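The values are calculated or read from the model by the stated rules, or taken from the named source; none is laboratory data. Bear in mind that the values here come from a model prediction, so they are computed numbers and not experimental data. Backbone-built Cβ (ideal geometry, glycine too); neighbour counts: all protein chains shown.
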Amino acid sequence: MKRIYQLIFLLLIGLPTMAQIRTQPSQAAPSLKVNGSSLDYFNPKEYVIGGTTLSGAKYLIEDVIITLSKLTKGERIVLPGEATSNAIKNLWAQGLFDDVQLNITKIDVDTVYFDIQVVERPRLSAFEILGVSKSQKTDLNEKLADKAGRTIINDNLYNTTKSIIKKYMYDKGFFYTTIDFKSKPDPNQENSVILQVDINRGKRVKVHEIKFTGNKEFSSAKLRKYLKKTKQQAFYKIFGSGKFNKEKYEEDKLKLVAKMQEKGYRDATILKDSIYRYSDKAIGIKLDVYEGPKYYFGNITWIGNARYPTNYLEKVFGIEKGEVFSEEKLEKKLRGSASGDDVSSVYLNDGYLTFNIDPVQTKIHNDTVDVEMRIYEGPQYTNNKITVVGNTITNDRVVLREIRTKPGDKFSKELLVRSVREIGALGNFDESKTNPIPKPNPSDGTVDIEYHVEEKPSDQIELSGGFGGGRVIGTLGLTFNNFSLKNLFNGEAYRPLPKGDGQKLSLRGQTNGKYYQSYSFSFSEPWFGGKKPVSFGLSAFTSLQSNGLSATDGGYQKIRLNGVSVSLGRKLNWPDNWFSLVHTINLNQYILNNYPGYLFSTGTSYNLNLTQEIARDSRNNNIFPTGGSYIRFTIQATPPYSLLNKINYATASDKQRYKFTEYHKWKFEAQWFESIVGKLVFKGQAQFGFLGQYNKAVGQSAFERFKLGGDGMQGFDFLQGSELIAMRGYSNNSVVPVGANVNIAQSSGSPIFTKYVMELRYPVIAKQEATAFVTAFAEGGNTWNKFSDYNPFNIRRSVGVGAKIFLPIFGLLGIDYGYGFDKIPGLPDANKGQFHFSIAQQLGGFN
């Protein structure tokens, strides 16, 4: 009887080793085969492993597989026993094989020899992704890149691949993605397959409903508003509620809690949230919130302040006992104010670089929070070394002269921020990557400041074709914004022109053949002499327009305009250091030959004038300002010739009357920018221009008038002595005075104009390579012939939308669609719908 029990026990142990069945990997039955030897299953015996070999493997390392089996030479093993079945199980567990067999090749007394016979699984050489867009395919290939390239095809690969793809599609708003796999041999690699991944994305889901539980003080509608980027569907949302985005939803949850805490509910949190399937095209979201009680500021005390008295800090802090408690507001008043009116800025602008303030909530009783402001003032620091890093083209001195943090001065956060703005205003560096790094030296109370910058393309090219005067006009313009005149004859400095000194050189040509030609040149040096911020400018131009006939032909008409100007300007420190003053002397020559549209048609006129311009520019960005303002006041005047000579203008000829143009011209412009919500920016603008006369007997100047309407692009009219003012929603030059002769007013312009703009701007691209934003605008403006008729509230109105993109090489490009509400008598097509295109227009000024 005892012998029978022993037999049953040994059979149960030996059965796994006697099985000779090939199975699929998921079944994984171990197999032991004895060649030419026999084992006594009733008398297990201990053997020494004499050696183990590996058969059937082409790509795996033999020693590694044998080590994994634990059947290494010199090890002792009991046969029959569990060691052989465990060896096969260990190898199956690696997921590397389609079949594993263990053979005993020889038994020599108490020594046993094994051979492991395997069939390797194929390896993955590449993915072939189907069923998604090209961009999504690229993204997925990047995410799966570490899987491709000789990875074993097994269940783990399938599961991992499916998980990566589903998460990616989930984040894109595809909740119900299904994935199928197929494989095909790779003809270029042995034992390799290409895994075809067929993705069925399903429908991109929207949020049908957002439900809240646990809210008492906050209505569900109010809480939904706090979810800025996760909106539920509603019939009144014309453009839909948007697709669900998991990443944005997670951000919204944090903002929701922050908004509740901002309202005084400092304990507010989301207890749990769930996303459920509403339909094949929509999901629902449920959030369980905890509001907690509403808290208020209690006693606010200050300790550690020696430099500034408590009453002064309390005034800067601005929060009083009894106000609704908000950690966000608390942080903003202490160190997070964008306008620099927080407590930390007071100290940091006074040299206290290591200043720190810690608001400690010392006591919470009922609904009141007492806060103790613990201040560490530290020592005052003085600027030491000021250096610039990263300017590979622009010379150090060009950057350093714009920096307001000077060696020997007290450290100032305000001047540090201002320096970053001034570096950006140069136009040679990526503003988003300009980074000042203060390096304090506590041993001597000094600080070294290192400004890190990154050069960007700043030269611009204007290459365009358009219509003007009923003909095609070609334009080529080149602007070099970082020119170096002193290296003009240094061949090694050409890249392709000498650069690095911050000077500006512009060349522009415009022509349509024999009818019209115009060429201009300008050069400016922002630091004339190199020691003071005194700018110098020199420009010259010549233009010719004719009817294309020869001078000997009857009916020949032409106008030529030649001009040169010299300017000097400087930055001012009073009333504040945002102001600048520019003086300009201009000399223009007008030569008309039987040319209509002006107060005289044949003759030569000279325009010598002096221009005084004072401006204040505190915009925080030249391309897309989000704050600050731009104000400019200009007076341009000629000598009062008619008051100095003895000519009787009542009987004077046109040649005498208009030989020396005389006038005084006044212009004013104001722009201001304000961030409203998020990235949305409001722009307000007002402009005014008036052309006056010295002597009624002479009358208004034939030149220097204003033409309002259209895109404001500089073309024929600008080079004929008129100033173009853009006004969207109306055709070019069409906004003429009421009751005026339309043809004459369009041709010669008007002496008075007013224009107003309200605009909402939203950025869609904000990168070094390009800046783009969309706009919605409302404009109003008008022109008058006499000041007695002037009424700033009697305006022609328009609204519209548009988009602008700034490319460093081309400048500012724009397209707008405007609709003018008010008809222009005599010009039936002047208003209504108008498209306007703009190329390389000035960012500040009268356009």
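Do any strands (runs of 3 or more DSSP E) entirely within region 123-237 hold 3 or more residues that are touching an Asp or Glu at 6+ places or on another chain (Cβ under 9 Å), and if so, which?
Hits in region 123-237: 123-130, 178-185, 192-200.
Take the residues in region 360-383 that are surrounded by fewer than 17 Cβ atoms within 10 Å (Cβ to Cβ) and either polar (S, T, N, Q) or in contact with a Lys or Arg (Cβ under 8 Å, 6 or more places away or on another chain) (or both); name whichever of them is farthest from Lys413 (Cα to Cα).
Asn366
What is the number of the single condition among (1) free of Cβ contacts under 8 Å to residues at least 24 places away in the same chain; (2) in a strand (DSSP E or B); (3) closer than 30 Å to Leu680 by Cα that Glu251 does not meet?
With respect to (1) free of Cβ contacts under 8 Å to residues at least 24 places away in the same chain; (2) in a strand (DSSP E or B); (3) closer than 30 Å to Leu680 by Cα, Glu251 is out only on (2).
Among strands (runs of 3 or more DSSP E) lying entirely in region 16-79, which contain 1 or more residues that are modelled with pLDDT of 85 or more?
45-55, 76-79
Just a yes or no: is a residue in region 501-508 modelled with pLDDT under 90, surrounded by 15 or more Cβ atoms within 10 Å (Cβ to Cβ) and over 21 Å from Thr394 (Cβ atoms)?
no
Across region 768-806, what is the total count of residues that are in contact with an Asp or Glu (Cβ under 8 Å, 6 or more places away or on another chain) and at pLDDT below 95?
Result for region 768-806: 1.
Please find, within region 767-791, the residue that is surrounded by the most Cβ atoms within 10 Å (Cβ to Cβ) out of those that are within 41 Å of the chain's Cα centre (by Cα) and among the polar types (S, T, N, Q).
Thr783
Kindly provide the set of residues from region 345-361 that are over 23 Å from Arg619 (Cα atoms) and either touching a residue at least 60 places away in the same chain (Cβ under 8 Å) or assigned to a loop (DSSP other than H, G, I, E, B) (or both), ordered by number.
Result: Asp350, Gly351, Tyr352, Leu353, Thr354, Phe355.
Tell me, please, whether a residue that is within 27 Å of Glu723 (Cα to Cα), buried (at least 16 other Cβ atoms within 10 Å of the Cβ), modelled with pLDDT under 95 and charged (D, E, K, R) can be found in region 669-688.
no
Which one is farthest from Trp578 (Cα to Cα) among residues in region 381-405 that are touching a Leu at 6+ places or on another chain (Cβ under 8 Å) and not in a strand (DSSP E or B)?
Result: Tyr381.
Determine which member of the set Lys137, Lys147, Lys166, Lys162 is touching a strand residue (DSSP E or B) at 6+ places or on another chain (Cβ under 9 Å), without any contact (Cβ under 8 Å) to a residue 12 or more places away in the chain and surrounded by 14 or more Cβ atoms within 10 Å (Cβ to Cβ).
Lys137
Could we say that Ala268 is crowded, with 18+ Cβ neighbours inside 10 Å and closer than 30 Å to Asp370 by Cβ here?
The answer is yes for Ala268.
Confirm whether Ser419 is of a type outside the set (A, V, I, L, M), assigned to a helix (DSSP H, G or I) and surrounded by fewer than 19 Cβ atoms within 10 Å (Cβ to Cβ).
no
Condition check: surrounded by fewer than 16 Cβ atoms within 10 Å (Cβ to Cβ), of a type in the set (Gly, Ala, Ser), outside any loop (DSSP other than H, G, I, E, B) and touching a residue at least 24 places away in the same chain (Cβ under 8 Å). Does Gly408 satisfy that?
So Gly408 does not fit the description; no.
Within the group Val764, Val736, Val801, Val742, which residue is surrounded by 15 or more Cβ atoms within 10 Å (Cβ to Cβ) and under 30 Å from Ile676 (Cα atoms)?
Result: Val801 is the single residue among Val764, Val736, Val801, Val742 that is surrounded by 15 or more Cβ atoms within 10 Å (Cβ to Cβ) and under 30 Å from Ile676 (Cα atoms).
What do you reckon, is Ser567 under 30 Å from Ser419 (Cβ atoms) and small (Gly, Ala, Ser)?
yes
Run down Ala234, Ala268, Ala258 and say which single residue is in contact (Cβ under 8 Å) with a residue 40 or more places away in the chain and not β-branched (Val, Ile, Thr).
Ala258
How many of the residues in region 520-534 are under 15 Å from Leu426 (Cα atoms) and buried (at least 17 other Cβ atoms within 10 Å of the Cβ)?
Final tally of qualifying residues: 4.
Could you please find all residues in region 80-122 being aliphatic (A, V, I, L, M), assigned to a strand (DSSP E or B) and within 27 Å of Phe42 (Cα to Cα)?
Val100, Leu102, Ile104, Ile107, Val112, Ile116
Scan region 460-483 and give yes if some residue there is modelled with pLDDT of 90 or more and assigned to a loop (DSSP other than H, G, I, E, B), otherwise no.
no
So, in region 689-711, of the ones that are in contact with a Phe, Trp or Tyr (Cβ under 7 Å, 6 or more places away or on another chain), crowded, with 16+ Cβ neighbours inside 10 Å and polar (S, T, N, Q), which residue ends up nearest to Ser339 (Cα to Cα)?
Gln693
As an exercise: evaluate Thr542 against (1) outside any strand (DSSP E or B); (2) over 30 Å from Ile631 (Cβ atoms) and give the number of the one condition it does not meet.
Going through (1) outside any strand (DSSP E or B); (2) over 30 Å from Ile631 (Cβ atoms) one by one, Thr542 breaks only (1).
Got a sec? Which of Lys315, Lys332, Lys321 is touching a residue at least 12 places away in the same chain (Cβ under 8 Å) and basic (Lys, Arg)?
Within the list Lys315, Lys332, Lys321, the selection yields Lys321.
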